[in-house]
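A short worksheet on the structure shown next.
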Amino acid sequence: MSVVVISHSMTTVNRTVEDVMSTPLEIVSKDATLTEAATVMHDKEINALVVSTDPPSIVTSTDLVASAAEGHDPTTQQVSDVMTKSVETVPPELYLEEVAAMMTNFGINHLPVVDGDDYLGMISSTDITSELS
C-alpha cells in the first residue's frame, strides 16, 4: 500500500485572485472626510477602500494613521488629500503568485480587482500570505 502525501503548498497551486479576494468591494468618494472613510473601514473590518476616481485611487488605514500623526483634523480633511492616485488593478483570473510578485515589486499591500470596467473586490497581501503559507 502506498501513501500519497499532499503538502499544503500543493493545494494552493493555480489559485487565483478570484478565489481569495474580499467582496463586495467598498468604495468611498474622494470628497468624503477621513472620519467617514475610517468609519466604513471599521464597520466593514477592512483596511482599504477604493476611491471613485478615474483612474481608480485607494485610501488605506495607513493613510488615515499618517494623517492623524501629522495632526490633521479627520472631520474636515478629505480622502482626496491622502489617497494614492492611479493605483494598479488586477484581473480576477491572475494567479496569486503573480499578484504576490506585483505587490513585492511595487511595495503595495492592496489591489482592487477589476474585470473590464467592473470592480469586483479587493485583494490584500494578508489574503495572499494566509493562502500561500
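The values are calculated or read from the model by the stated rules, or taken from the named source; none is laboratory data. As the structure is a prediction and not an experimental result, all values here were calculated from the model. Reconstructed Cβ throughout: ideal geometry from the backbone, glycine too, with neighbour counts over all protein chains shown.
Worth a mention:
- Lone unmet requirement of (1) of a type in the set (Val, Ile, Thr); (2) within 19 Å of residue 99 (Cβ to Cβ); (3) in a loop (DSSP other than H, G, I, E, B) for residue 53: (2)
- Residue within the range 30-39 that is over 27 Å from residue 77 (Cα atoms), of a type in the set (D, E, K, R), surrounded by 14 or more Cβ atoms within 10 Å (Cβ to Cβ) and modelled with pLDDT of 90 or more present: no
- As a summary of the residue check, residue 99 satisfies the conditions (1) within 13 Å of the chain's Cα centre (by Cα); (2) surrounded by fewer than 20 Cβ atoms within 10 Å (Cβ to Cβ) except for the one numbered (2).
- Just one of (1) outside any helix (DSSP H, G or I); (2) modelled with pLDDT under 90; (3) surrounded by fewer than 17 Cβ atoms within 10 Å (Cβ to Cβ) fails for residue 92. It is (2).
- The single condition from (1) closer than 29 Å to residue 131 by Cα; (2) touching a His at 6+ places or on another chain (Cβ under 8 Å); (3) at pLDDT 95 or above; (4) not basic (Lys, Arg) that residue 43 fails is (2).
- Cβ-Cβ under 7 Å pairs, at least 6 apart or on other chains, the range 16-33 side acidic (Asp, Glu), far side surrounded by fewer than 18 Cβ atoms within 10 Å (Cβ to Cβ) and in a loop (DSSP other than H, G, I, E, B): 18/92; 18/93; 26/46
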